[in-house]
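Below you'll find the structure, written out as structure tokens, and then a few comments.
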There are 2 protein chains.
Amino acid sequence: MSTPGRGLHGHVLDTLGPAITAGEYPPGSVLRTDELAQHFEVSRSVMREAVRVLESMHLVESRRRVGVTVRPRAEWNVYDPQVIRWRLAGADRPHQLRSLTVLRSAVEPVAAGLAAQHATAEQCAELTECALGMVANSRGHKLEKYLVHDIAFHRVVLTASGNEMFARLGDVVAEVLAGRTHHEVMFEDPDPAAVTLHVQVAEAVRAGDAPRAQELTRQITVGALQELDILAP
Amino acid sequence: MSTPGRGLHGHVLDTLGPAITAGEYPPGSVLRTDELAQHFEVSRSVMREAVRVLESMHLVESRRRVGVTVRPRAEWNVYDPQVIRWRLAGADRPHQLRSLTVLRSAVEPVAAGLAAQHATAEQCAELTECALGMVANSRGHKLEKYLVHDIAFHRVVLTASGNEMFARLGDVVAEVLAGRTHHEVMFEDPDPAAVTLHVQVAEAVRAGDAPRAQELTRQITVGALQELDILAP
DNA sequence: TGTGACGTATAAGTCTGACTTTTTGTCGCT
DNA sequence: AGCGACAAAAAGTCAGACTTATACGTCACA
């Protein structure tokens, strides 16, 4: 995904990042640059660059005479796409998936409402195209093709909202949707009601009906929450 | 704020980061590590570490034989607290403030609803304490003291939601509230209606009334949107 | 026994210079 | 015009020496 292992320090990060986010080194653990450099068989300069990156993600803190200490989870930059990927690939994947789905339930309805106000004609066309693609692949175990259109749909909505903060959540939503299809219970064809909702959202956005787009999207996210048993009924 | 200039590479970032996020180097601009190192009067190793950090924020991309190129805004990690601070300190502060306020309007109501379900007794107490502090400083141009309690209030709500993604937005909200008080139109005492809403939110959370907490918080964020003339009435 | 000043060991931080690798642009040949 | 080889440019990597901050232990003194 994205840009894996571009350079030695990238390879180090691909190993150290997942290890830290997986809790392999508990908070407060102390690492030493020199030892890490030896362990990964890279020079200290490369190791230092890797540590700097981890530091910018607030995963670790580097202090003189002490070493590189792992910070508590509460301080991590959990919105960093890299951190999200590492965590989704690790042990607390379920927990991370829940957190992100709740975030979706907050953001996507509002984004859809804004999209109804700001979407360009091109974006509206793209949206209906995605919705049609979902319908076309909603039966007959064509989950992979369905997923592609589902991801594209939500990405367009978030982008069309015109808010850059929302737009940047496109990748996150993509990860969540992909995770749901690939690792969670998703053997059967998708819920027909959900498919219909997506079509209706596309319609509402095209019609410029913000409240309706918001409410319909809210129902979609409620479905996502229920799938993970998050919603207290 | 937070950890300024810890080390030489930190000082470089404090200058380069704001410059890039301010659009001083337009997307596609090419920088060269050696030149930058000379310009900042640091060694190449230090400069390289700084570039690595900028790269992890997706502000720049480093490629062999070409140099360090500035990426388009759409690819920046806009949720990185450091990036947010840089942008808030720079030219597109108003734009950033709007984006973040819209994000708040999506997240905070949902967070308040969850807080009503999950807040501990201690958090409820803290919340009412903050609300009382806001009331106590709502008249007589005690804006600074009011701000402190306002920030604390929203931080507690986000934390009490039990969702780590929401919790990590505490700093962002703090920046937005501080920015509103310090740089925007906020000469007079705060809107009494807003103060009342905060008190009522504290009550609703304590009572475990999620829908009410959510609706009241929605009204607070609507007020914030109106202050920035975002809401189309 | 407690407390403060002092010294020392430690690990990060910094700098320098040489070397390697990848990529791009160009030049010349067909 | 197209293609391949060559050369230059910039990042990437490494090794070693030196600097600096600071946690911790020690020792003297109260």
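The values are calculated or read from the model by the stated rules, or taken from the named source; none is laboratory data. Being a predicted model, the structure only gives us computed values, none of them experimental. In this analysis, Cβ positions are derived from the backbone assuming ideal geometry, glycine residues included, and neighbour counts consider all displayed protein chains. All accessible areas refer to the heavy atoms of the entire protein, side chains included, with ligands and DNA or RNA removed. Shrake-Rupley method; radii C 1.70, N 1.55, O 1.52, S 1.80 Å.
Screening the candidates A:Ala131, A:Ala37 for the property of being more than 26 Å from B:Val107 (Cβ to Cβ), within 16 Å of DNA strand D (Cβ to nearest atom) and open to solvent by less than 10 Å² (accessible area, probe 1.4 Å) yields one hit, A:Ala37. Within segment A:63-89, restricting attention to residues that are within 11 Å of DNA strand D (Cβ to nearest atom) and of a type outside the set (A, V, I, L, M), the residue that is surrounded by the fewest Cβ atoms within 10 Å (Cβ to Cβ) is A:Arg65. Scanning segment B:62-73 finds one or more residues that are within 8 Å of another protein chain (Cβ to nearest Cβ), on the phi < 0 side of the Ramachandran plot and not in a loop (DSSP other than H, G, I, E, B).
In segment B:1-25, of all residues being modelled with pLDDT of 95 or more and open to solvent by 50 Å² or more (accessible area, probe 1.4 Å), the one that is farthest from B:Ser45 (Cα to Cα) corresponds to B:Glu24. Scanning segment B:40-54 for residues that are surrounded by fewer than 22 Cβ atoms within 10 Å (Cβ to Cβ) and either assigned to a loop (DSSP other than H, G, I, E, B) or more than 12 Å from DNA strand C (Cβ to nearest atom) (or both) returns B:Glu41, B:Val42, B:Ser43. Against the conditions (1) open to solvent by 30 Å² or more (accessible area, probe 1.4 Å); (2) within 26 Å of B:Ala106 (Cβ to Cβ); (3) not in a loop (DSSP other than H, G, I, E, B), where does A:Gly162 fall short? Just the number, please. All conditions pass for A:Gly162, except number (3). Considered as a group, the residues in segment A:165-185 that are among the charged types (D, E, K, R) and in a helix (DSSP H, G or I) include one that is surrounded by the most Cβ atoms within 10 Å (Cβ to Cβ), and that residue is A:Glu175. Just one of (1) part of a helix (DSSP H, G or I); (2) away from chain B (no Cβ under 12 Å) fails for A:Asp229. It is (1). Only residues that are over 24 Å from the mean Cα position of the chain (by Cα) and touching a residue at least 24 places away in the same chain (Cβ under 8 Å) were counted across segment A:37-61, and they come to 5. For segment A:110-121, the condition holds for at least one residue, the condition being that it is over 22 Å from A:Gln96 (Cβ atoms), open to solvent by 40 Å² or more (accessible area, probe 1.4 Å) and either touching a strand residue (DSSP E or B) at 6+ places or on another chain (Cβ under 8 Å) or away from chain B (no Cβ under 14 Å) (or both). Here is the figure for segment B:74-107: residues that are within 19 Å of A:Glu55 (Cα to Cα) and facing another protein chain (nearest Cβ under 9 Å) total 7.
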